[in-house]
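Take a look at the structure below.
The values are calculated or read from the model by the stated rules, or taken from the named source; none is laboratory data. In this text, all values refer to a predicted model and were calculated from it rather than measured experimentally. Virtual Cβ from ideal backbone geometry, glycine too; neighbours counted across all protein chains shown.
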Amino acid sequence: MPKRRYERREPTHDWQQIKPLLKDTAQINYEVIRPVILWGQTPKERGAETGVSPRTIYYRANLFDQAGMASLLPAEPPPPVPKVDKRSLPPDVRQEIIDLYAQYPAFHPHEIATICFVKFNRKLAPATIKLILASGPKPTTTERRYPRYAEIEDGETRRRTVIRLHVDG
């Protein structure tokens with residue numbers, strides 16, 4: 001004959017005998033409100049037996065009437081809030097660094113850092129620029145916004161280009 005999974009006990013309504021057998025909080029909560037729901041015992045009487053506040057028993061019994069067994073289960077914890085590292089760069093700054101280097105490969109990291117400071121008001125270290133260039137996303141543009149200075153024939157256009165680039169950083 002197979003062994004019993006649970007030890008056989010005499011049924012009882014005595015809370016002092018039931019409580020040591022309960023392991024789960026949902027099970028404990030149910031056993032506290034069960035006589036109130038099934039047999040109409042008052043929350044005050046059940047509170048005197050269990051040591052739980054009658055208001056808590058009344059509240060849990062009402063929740064059980066409304067939501068059923070789901071009211072006995074613990075509420076889901078809120079989703080974890082992702083920690084934002086203050087040192088991490090936003091994607092638009094990263095993309096700008098990559099695009100600047102793709103357009104002007106002769107730029108040194110400190111020059112790109114200066115442009116980013118002017119454009120985004122954020123000081124970057126040249127080492128950060130090197131790291132982003134080594135592991136960043138692919139450039140969105142590969143051609144230059146303006147031709148090289150020597151390739152611009154009109155002096156006024158040259159000057160306007162220099163001023164626009166200066167405004168950009």
message: With the structure loaded, tell me whether Pro2 is outside any helix (DSSP H, G or I), within 30 Å of Ile132 (Cα to Cα) and over 32 Å from the mean Cα position of the chain (by Cα) or whether it fails that test.
response: no
Criterion: more than 36 Å from the chain's Cα centre (by Cα), hydroxyl-bearing (Ser, Thr, Tyr) and modelled with pLDDT of 85 or more - qualifying residue of Thr56, Thr50: Thr50
query: What residue, among those in region 98-116 that are of a type in the set (Gly, Ala, Ser) and assigned to a helix (DSSP H, G or I), is nearest to Thr128 (Cα to Cα)?
result: Ala113
- prompt: If you go through region 83-117, how many residues are of a type in the set (Asp, Glu), farther than 24 Å from Arg164 by Cβ and surrounded by 11 or more Cβ atoms within 10 Å (Cβ to Cβ)?
  reply: 0
message: Show the residue pairs meeting these rules: Cβ distance below 8 Å; 6+ apart or different chains; first residue within region 142-169 and exposed (fewer than 10 other Cβ atoms within 10 Å of the Cβ) and β-branched (Val, Ile, Thr); second residue in a helix (DSSP H, G or I) and modelled with pLDDT of 70 or more.
response: Thr142/Ala102; Thr142/Gln103
- request: Report whether or not Val93 is hydrophobic (A, V, I, L, M, F, W, C) and modelled with pLDDT under 75.
  value: no
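Do the conditions hold for Tyr104, that is, is it more than 30 Å from Pro139 (Cα to Cα) and among the hydroxyl-bearing types (Ser, Thr, Tyr)?
Numbers: more than 30 Å from Pro139 (Cα to Cα): no; among the hydroxyl-bearing types (Ser, Thr, Tyr): yes.
Taking the combined requirement at face value, the residue does not satisfy it.
For every residue, the table says whether it meets (1) assigned by TED's automatic domain parsing to the domain that holds Tyr59; (2) in contact with a Cys (Cβ under 7 Å, 6 or more places away or on another chain); (3) without any contact (Cβ under 8 Å) to a residue 40 or more places away in the chain.
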| site | (1), (2), (3) |
| --- | --- |
| Arg4 | no, no, yes |
| Pro20 | yes, no, yes |
| Lys23 | yes, no, yes |
| Ala26 | yes, no, no |
| Tyr30 | yes, no, no |
| Leu38 | yes, no, yes |
| Thr42 | yes, no, yes |
| Gly47 | yes, no, yes |
- request: Identify all residues within region 118-127 that are closer than 26 Å to Arg164 by Cβ, part of a helix (DSSP H, G or I) and without any contact (Cβ under 8 Å) to a residue 40 or more places away in the chain; write none if there are none.
  value: Phe120, Pro126
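Surrounded by 10 or more Cβ atoms within 10 Å (Cβ to Cβ), modelled with pLDDT of 90 or more and part of a helix (DSSP H, G or I): which single residue out of Ala67, Ala61 fits that description? Step through it out loud before you land on a result.
Numbers: Ala67 fails: modelled with pLDDT of 90 or more.
The unique qualifying residue is Ala61.
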